[in-house]
1. Rounded to the nearest 0.05, what FRET efficiency do residue 73 and residue 116 give with R0 = 22 Å and r taken as the Cβ-Cβ distance? Could you check?
2. How do 66-72, 99-105 rank on mean C-beta neighbours within 10 Å, highest first?
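Derivation of every value follows stated rules applied to the coordinates shown; laboratory data play no part. Bear in mind that the values here come from a model prediction, so they are computed numbers and not experimental data. Every residue, glycine as well, gets a Cβ built from its backbone with ideal geometry; the counts of neighbours run over all protein chains shown.
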Amino acid sequence: MSESRRFHLQRTHDVTGVSGTGRVANGVLWPDGTVSIRWAGDRPSTVFWDDVAHAEAVHGHGGHTVIVWDDPEPAQAGDCEHCPDGHTPADSGSQPWHARVGPERDGDGQPIRLYVERSAGAHVAESDAEWVRARLNGGPQ
């Protein structure tokens, strides 16, 4: 992983009576696998863990507190030979989709092409085309 990933801890039942329920902490999973958690409330604090599983084991309270990822899971390295960290998934990422009408015209002067592309000149893969095609033709969302 080459970028950090944000999450929060969502608690349904406060076993200890200290943190309350709802969103009780915000966290970051760092590229090296370590975790920082900033607790909310009247006495905020910050803790560090070597692994997200360790943090979940201590703070999960048997499933009463769960990790909710605020950032999407990054693409796995190797999915695209041109992207060092994998290819941005079609349904997320920092380079949104754009659509524009092409300059090509029919005999009556009406446009005949619609271009769908990533912003900032990002490249696309066949999996992106399949994702767009499925949405245009009523496929699974």
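1. After rounding to 0.05, the efficiency reads 0.35.
2. Numbers: 66-72: 13.3, 99-105: 10.4.
With the highest mean Cβ count within 10 Å placed first, the list reads 66-72, 99-105.
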